[in-house]
Structures are given as C-alpha cells and as structure tokens.
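Engineer: So that we are looking at the same thing, I have put the structure below in structure tokens.
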Protein chains: 2
Amino acid sequence: MALFEKSTPTNEPIPTVTRQWILYQYPQRSHPISGSFKLTQRPLCPSTPTANTPSTRQGAHKPANKILLRTLWFSNDPAQRARINNASTDRLYTDFMREGDVMSATAIGEVIESSHPEYRKGDLVRGAFGWSEYVLADTDSSHDWQLMKIPPKTNPADFMAMGGTALTAYFGLLSVGAATSADKTIVVSAAAAAVGSIVTQIAKNVLGVKRVIGIGSSEEQCNVIKEKCSADIALNYKSPNFRREFEEATPEYVDIYFDITGGEALELSLRRIARNGRVVACGAIFRYDSSGEEMIVSAKAWTNIIFMKARVEGFTISEFKHRFPEAREQVFRWVRQGKIHPLKTVWRAKFEELPQGMVKLLKGEHVGKLVTEIITE
Amino acid sequence: MALFEKSTPTNEPIPTVTRQWILYQYPQRSHPISGSFKLTQRPLCPSTPTANTPSTRQGAHKPANKILLRTLWFSNDPAQRARINNASTDRLYTDFMREGDVMSATAIGEVIESSHPEYRKGDLVRGAFGWSEYVLADTDSSHDWQLMKIPPKTNPADFMAMGGTALTAYFGLLSVGAATSADKTIVVSAAAAAVGSIVTQIAKNVLGVKRVIGIGSSEEQCNVIKEKCSADIALNYKSPNFRREFEEATPEYVDIYFDITGGEALELSLRRIARNGRVVACGAIFRYDSSGEEMIVSAKAWTNIIFMKARVEGFTISEFKHRFPEAREQVFRWVRQGKIHPLKTVWRAKFEELPQGMVKLLKGEHVGKLVTEIITE
C-alpha cells in the first residue's frame, strides 16, 4: 500500500482507521471518572501529538518521514487526572485538556511501518501518543511527539517506570526540594507509588539521608516501602494512630516533605516541619477527584511556615525540560549501580478498557508505576 | 551618687529600682491577653537584654561602660504576640519567651546618666529594652541591646516606624518575594499597618508595579492605603462582597501576596495566584490569638501551588541580620527621596497601661506603626 513514500515491506493489513478514547466531558462528581471518556473511531492520518504542545517544528524543511505504530503499553499518571479538570481558559496549561481531545497519555508502541531509516518494523518507541490504538507519527516533529526508542532487551514497563516518573522524582527532590545528605529527615507520601518509590530510593540510597519515612495506604505497601525502597520507617496513613505514629517517627522534625497526595500527611508535615524545612508540592492526587473546597491546612500548620522559615514550592516537570538528558543519564546510572530499582504494576487489559486504568490509579492500591499492557490476542 | 564610675553630673534622683512588665502566664483563650502580664518591681542592676539573645560579648576585655535610660516610647509589634505563645522547648526561637521573662519589646529611652562618652544625658537611644521603665545597659554589649542613637531632630515615632518594621517590609518583599518591576500585581494584607504600609509604598513608588492592591479592615484604612500608601486599589476585607471584589481586582492574577494576616485574603490569593507566583509568609496576626486549629487553606487553593508553580516562603527578619546596615541605608534614602513615608499612630499612656497597647494592636484599627508614648507627668 502507498501510505508512505518509502514503505518497508509488510505482510500485515495496514489500518486506515484507529480507535481513540476522547475526553467526552469534564469529570462530574456525580459520575464515575470512567464515564468522562468515549471510544471513537477516526481515520488514521498524520496528526499532532495529544499533549496539546504547540509544534516547535512548523515549517520544517525536510520532507516528512512517518512511522505507523500500534500502542501496546500505556502509562497511568496522576497528572492525567489533574489535566482533565475544567480549568478556566486563562488558567490553562499547555497540557490541560479540552472536551473532544484525544486523552493525553504517554505510551509505548510497536512500529508497524516506517519511512524513516532509524525506526524499523518491530521497534518499540515511546511517545506522547495518547489513548489511540494506532498512531501515525511525523518523525520531523519527533520532539513534539517526544519519540524515544526503547533500548533492546529492555522491559517496556521498566522503561516507563524510569521515564517521566523518575524525572519528576529527580527534579522534585533535588532541585525543588534541594535535598542533600545534610538533611536528617525526609518524608515521602505515596512512597509505594510511581514517583514516591523513586524519591524514597534516591533519598536513602543515593543521598544517604539518616531518616527516610515513606507513607503508604496498606500493610503490603508499607512492606514494599521498607524492603524495596529502603525506607527506614513506613507509615500506613490508614492506621488509627497515624497522627501519633507520624509524630513519633519525626523526633528531629521534617526537613523535606515530598507531597504527592495532599491531605493529612501534608497537614502533619507542616506541623512537624523543621527550621528551613521544605515542602515539595508535586501533587494532590487524593483531591483531584473532588471539588477541592475542603479545607486542608490549619492555621497552626500554616504559622509554622513563618516561624520555621519554611518553603512550600510547587512544580511540574515541564519547567525542567532543558535538563531532561542530564537527569535521564544520572537516573539510569543509579539503576545500573543498583541504587534505584524501577517498581511497577502491570495491568493487562483490552484497548476498550483503558479508562479503568485511571480508576485503578486513583484507588492507589498498586505498587510502583501502574502500566496498562494491551492484550492483543 | 556612685552608680557609675565616671558619672556625669545630675540633678535628678537616680532610681535604684525599676518597674517591669513580665510575662506572667502564656495567653489563655479564656482570658484577655492583657492578663498574661504582671507588673513587678526589681532592683536596677546591669542585666541582659530582654530579647533572650545570648550575649555575643561574654568575657569582654574593656571595663564596662553603662548608660541608664528611662524608656519613653514602646514599639507594638505582631511578633510580640507570636513570641509569647507556649511553644514546645525544641521548637523555640531565641526570641520565644518563657514565663517570668521581662516582656520583650523595642523601645526608645532617654539617657539619664552615662559613663560612656558617646551617650550623653538627654540623648534618645533605641534598644531591646523590653517593658522596663528604667534600663541600665552595658554598652560593651551594645550589639545585644541593639543600641542605636536617634539622629537629632528625628521624631521618635517616625524612627520606630522605619526600624524593624521597614526592614521586614524590605527583606520580605525584595528578598523573600523577589519582587521586581516586572511583577504586574502585588497584594498586601494589613496594608494600612506598620509593615504593610511600607510594602505597599515600596511596591508602587520604588518598583512601579502596575497594580498594587492593599487590604484593610475599614473605609478609613482603605483611604489611607490609597492616598498615603499610593495603592491602586484598596479592598476592605469586611466588605460583604470581599471575595468578588478580590477576584475583580486581580484580572492578571497575583504575582506576589505579602501575607501578614492569614485568613481569607491568604486563601483568595492562593486561588488567584499567577504562574510562578509567590506568597511571602510574614505573619498570621489574626490567628496568633487562637488555638490555630481552624482550617484555613482549601485543597483547591493548595493545588494551585502545584499547577501555578507557586512558592510560599516564611521568614523572620533575624535571618537577614548581616544585611541590616545596607537595608537601613536604602530605606532612609527612599524616605529622603519622598518615595516612602513612615505612617504611625501614637497612643499616649502610662507605663502601667502598657499591655493595653497589645490589645489595641490586635484590634488592628490603627494606621501605620502603633507606638506607645509614655506619659511622664
């Protein structure tokens, strides 16, 4: 067929349409989150990436090279949930979404056909493909697509666990939190999950921080936090004695609280914040699904920010784009040195079940990075 | 009399005792704040300063030079209220107070007798004298006492309004808040009060920020905020439409919120925070008198810290001690240039009425720096 100018031979039927999950309506409190999406079918034609990043390659000089991929692994990220809130137009990020957009997601696809010499049939390629079953990507805008070939012999789920997740942990802890070996106590929320598990391992195994405390939501997660992430202490926030346990676990107070969840751990960390302590505001996952009108920080906790000269700083990973290569190299070095290990939970599902991945993610019962692997039979 | 080795001649009777207000008990919610203090009388002998700062001059080489002062003007500061809360021992600052301590305060006294050539009878001297009617200060520990002579022809209340108050405004806005002319909107709470009035004037008259919004608690204060502090907009937080007015006043959102009060203005500022916005956490005056268990920041406001990459940073002026001379010089230059004007309210009272100054301060009905001037007749 003549989909590409310089087509590689293929024996498979080349799809001309693809199924896609679109954001049908912004989440409503009265409906389950999975009802926010709708499965559609669209002609397969070159399109812009799904992350709503404006192309930086408009007016490219070279003739377009294209690759056709079938997506097989999908990354499930709390940021996806945050991104589909109905934000007013002038509060939009580039990566907030509008109704009707293909749901944004990082995915790994297998190359089915390619007119670009660097991408061959069978290669696994990561990109901002969104919830699309097939993708026809223009390699001249590979930056927009965030295309990256998976190294040979690499487990795709491991690769995902060490992607944006690891970069978020890296920049959040080291740049925003300015963590060093001199910090005595670092508390990490959702420490069994994707970002938290990497933060915990960097704090303990790379920086050698004296007291690394990870917070989980079950005894199973607490075991993972201690045994796989090397935390000194694991606290279950569902414990009836959580407040007392938190206090007892922080005799030297909290130098850094890495916040992914918001909620009680945030409040307690501010109450126990050390002088010059820092709160890395990375996420508030347990609030993304609410109206957000609940009050979460008390006046007592807040005044500690003043008295303890503390700093609370929010960030998203996009502001560190220029430093991604450096960070990736460092993170992979630590993996090779055995200092950090990717943690993941792989959920096998059909393409038409994709939104259930978000439901699972928000439940928070998994360990490490939650990856959806598409059943192809 | 032979109080000093090299005494200047005097016709007045030299006191041998002084009255002092001590912190009798930490404030209790069930009692008025003025009941936390007790008037005592103690022998007048060389003592350490009241700010609980450990002496940096122990074992001084020179023989002690002493000055005897009668305190005539007292500074009323929100920090005094914060300082007398019952903080657990390992959360203490050097300037938190213990029961039985002379109440800490900056004051201006008149020299009655002196054995130091630089301090003469009749000189006005500012220092960390506390709520003490007479003070016998060792000039060899002048740094601990924070002694500073008032320049001739200077109004003592004006001098107080440009002291620690102005330095707090200076470092809070420019160093912690990192305010520049590029900021479009700066919101200042308690903008008619001591620190806020200086912050407002620096923002508008020095930096030339496009939209400076001051918050007050009465129409009278709002007039002061606009007319004397040059704010573009003054908002009365007691207005029934405060939330809507705040929103309408911030069409380009809030680059910097200078927080002295906590409360609704803090919550609203976080809701309206601009990308890379900053909250300077300088005080929470309206909460100092409460148990602090009330919830003040909503989840919705908090998530804006993440999405807008905002920063909340607490500070106290003590961390900038090394830069006080530079800041004083700059602030006084702006005063001479007519860019900032000290605002003050002088309350004339007897020494035995001193604690009422704190009651007045917490009511917040005054304008500018609240100074207590002692009636000497």
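Derivation of every value follows stated rules applied to the coordinates shown; laboratory data play no part. A quick note: this is a predicted structure, and the numbers were derived from the prediction, not measured. A quick note on method: Cβ atoms are made from the backbone with ideal geometry, for glycine too, and the neighbour counts reach across all protein chains shown.
Engineer: May I ask you to evaluate 6.51 cos²θ - 1.76 cosθ + 1.60, the Karplus curve with θ = phi - 60°, for each residue of segment B:336-345 and list the ³J(HN,Hα) values in order in whole Hz, giving x for glycine and proline?
Structural biologist: So the J values, rounded to whole Hz, are 4, 7, x, 7, 10, 10, x, 10, 8, 10.
Engineer: Given R₀ = 30 Å, what would the calculated FRET efficiency be for A:Glu252 paired with A:Lys363, taking r from the Cβ atoms and rounding to 0.05?
Structural biologist: Taking R0 as 30 Å, the efficiency between A:Glu252 and A:Lys363 is 0.35.
Engineer: Would you mind ranking B:Met97, B:Met148 so that the residue whose beta carbon has the fewest other beta carbons within 10 Å leads the list?
Structural biologist: Lowest to highest Cβ neighbour count: B:Met148, B:Met97.
Engineer: Here is a follow-up. Note down the magnitude of the dipole of chain B about its Cα centre, charges +1 on Lys and Arg C-beta and -1 on Asp and Glu C-beta and zero elsewhere, to the nearest 20 debye.
Structural biologist: That gives a dipole near 620 debye.
Engineer: Also, I was wondering about something else. Taking the Cβ of A:Glu219 as the centre, find all other residues whose Cβ is under 15 Å away and add up their charges (Lys, Arg: +1; Asp, Glu: -1).
Structural biologist: Here the charged neighbours net out to -1.
Engineer: Right, here's the next one. Whole-Å semi-axes of segment A:164-317's equivalent ellipsoid, largest first, each the root of 5 times a Cα gyration tensor eigenvalue?
Structural biologist: 20, 18, 16
Engineer: Another question, if that's okay. Can you compute the radius of gyration and Dmax for the protein assembly as shown, using only the Cα atoms, both in Å?
Structural biologist: Rg then Dmax for the protein assembly as shown, in Å: 31.1, 114.
Engineer: So, one more: Using the beta-carbon distance between B:Asn86 and A:Gln28 and R0 = 45 Å, what value does 1/(1 + (r/R0)^6) give for FRET efficiency, to the nearest 0.05?
Structural biologist: Computed FRET efficiency for B:Asn86 and A:Gln28 comes out at 0.45.
Engineer: If the viscosity is 0.890 mPa s and the temperature 25 °C, what Stokes-Einstein diffusion coefficient in µm²/s follows for chain A when Rh is the Kirkwood radius over Cα pairs?
Structural biologist: 113
Engineer: Another question about this same structure. Charges on Cβ only, +1 for Lys and Arg, -1 for Asp and Glu, centred on the Cα centroid of segment B:164-317; of B:Val199, B:Asn223, B:Ile260, which one is farthest towards the dipole's positive end?
Structural biologist: Highest projection toward the positive end goes to B:Val199.
Engineer: Net charge near B:Gln201, counting Lys/Arg +1 and Asp/Glu -1 over other residues with Cβ under 10 Å of its Cβ?
Structural biologist: +3
Engineer: Right, here's the next one. Quickly work out the A:Glu326-to-B:Ser181 label distance, labels modelled 7 Å from Cα along the C-beta direction, and quote it in nm with one decimal.
Structural biologist: Label at B:Ser181, label at A:Glu326, 3.1 nm between them.
Engineer: Which ³J(HN,Hα) values in Hz, rounded to whole numbers, follow from the phi angles of segment A:306-313 under the Karplus curve 6.51 cos²θ - 1.76 cosθ + 1.60, where θ = phi - 60° and Gly and Pro get x?
Structural biologist: 6, 5, 8, 6, 8, 10, 10, 9
Engineer: What is the calculated FRET efficiency for A:Glu377 to A:Val17, with r their C-beta to C-beta distance and R₀ = 30 Å, to the nearest 0.05?
Structural biologist: Step by step, r from the Cβ atoms, then E = 0.90.
Engineer: I want to check the label-to-label distance for A:Glu219 and B:Lys238. Put each point 7 Å from Cα in the C-beta direction and report it in nm to one decimal.
Structural biologist: 5.8
Engineer: What pairs in B:Lys66/B:Lys339; B:Lys184/B:Lys363; A:Lys226/A:Lys363; A:Lys300/B:Lys184 have C-alpha atoms more than 28 Å from each other?
Structural biologist: Among B:Lys66/B:Lys339; B:Lys184/B:Lys363; A:Lys226/A:Lys363; A:Lys300/B:Lys184, the Cα-Cα distance tops 28 Å for B:Lys66/B:Lys339; B:Lys184/B:Lys363; A:Lys300/B:Lys184.
Engineer: Also, quick follow-up: Express in whole angstrom the spacing between the alpha-carbon centres of segment B:217-241 and segment A:169-230.
Structural biologist: After rounding, the separation between the Cα centres reads 47 Å.
Engineer: Here's another thing I want to ask about it. Using a cut-off of 20 Å between alpha-carbon atoms, which lysines can reach B:Lys360, once sequence neighbours fewer than 8 places away in the same chain are excluded?
Structural biologist: B:Lys38, B:Lys238, B:Lys344, B:Lys350, B:Lys369
Engineer: A follow-up question, please. Once amide H atoms are placed 1.01 Å from N in the peptide plane, what residues at a sequence separation of 5 or more from A:Tyr257, or on another chain, have their amide H within under 5 Å of its amide H?
Structural biologist: A:Val187, A:Arg278, A:Val279, A:Val280
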